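Reading through the structure tokens given below for one structure.
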Amino acid sequence: MTSTPAASGPELLDERSLGGILVHFLAIPTGVAGAGIVYLLATNEFTKRNARNALDWHLTVLALTVVTFGSLFTYAELTGQGATDVAALSSLVSLPSSVSSGVSAVAGLAIPALLSLWFAVGLWTFVVGFVAMGKAIFGTAWRYPLTPALVNRYGPRVDFRDRCPLVVLAYVVLLPFVLWGVFVGPTDGAAFFLFAFGLLGLVMFLTPLTAVAMYIHGERDRSPDADWRPHVIAYVGVPVLVATVGYAISRVFTESVYPPGDAMYAFLAAFWVSSVVYVIRWQTTASN
């Protein structure tokens, strides 16, 4: 566990930033998405260091989450206890019953242990988040304990800034496919869960990342004398307005059981159109 030495007096006031303090609080409910967005947008070094520390922790928590619930889901499916009823473990891999019993016994110990660890880490996230925020108030970029330096190690290999337009393009391609799967695709089985988790990933990760990509590409990295300088506020603000109107219509004029869900889909549709326009303008300008 290391930390950046704190400054004192006027120097401390100059080095601290509100983003560097609040990123730890923001990341508690939003995880990788919140910490990652602050890290990508940060221009202040103090904010970037704190966002990097928070992002390292929440990437570690995300990895633990994937391992824990991936193991639980896989074991449930392979033993015929899951939602998709793919196959029983013994018939799928042709194992003797004694070996299958051994695998079940190991899983019966490992999966509860993983779940217990995941719950403990979830509670610990609140503790270290508030500790890091308190440290940041006094000018220290505190590294969360037991976290690998993932951003420093792998960040340079993933040069997001050079690929901002491609992130927008990925959103344009993936959103119709995922929404088709949710509304028209299978209503049960493994494919249903794939599309459901795909929609969750779109809402939590790719959509905010696309908005950040628009900002970095359109507002920060483009030359002031470029032929096309998009107004990113409009590309994001109009979908927000559409979602607000959709929520009001759903709540007042329809009998929808969940107006916020309707507003979310209205936003996704409007933001997809906005992204299509962005990609077309980007490609047209680049070709000229």
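The values are calculated or read from the model by the stated rules, or taken from the named source; none is laboratory data. It should be emphasised that the depicted structure is a prediction, and the values quoted were computed from it without experimental measurement. Here Cβ is always computed from backbone atoms with ideal geometry, including for glycine, and neighbour counts include all displayed protein chains. Just so you know, the surface numbers come from the protein's heavy atoms only, side chains and all, with ligands and any DNA or RNA stripped out. Shrake-Rupley method; radii C 1.70, N 1.55, O 1.52, S 1.80 Å.
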- Run the quick spin-label model on Val273 and Val257: label points 7 Å from Cα toward the beta carbon, then report their separation in nm to one decimal. 2.9
- Mind giving me the nanometre distance, one decimal, between the label points for Glu219 and Ala234, set 7 Å out from Cα along Cα→Cβ? 1.5
- Query: Between Leu146 and Val245, what is the label-to-label distance in nm when each label sits 7 Å out along the Cα-to-Cβ direction?
  - Reply: 5.1
- With all protein chains modelled, accessible area of Trp118 [1.4 Å, Å²]: 70
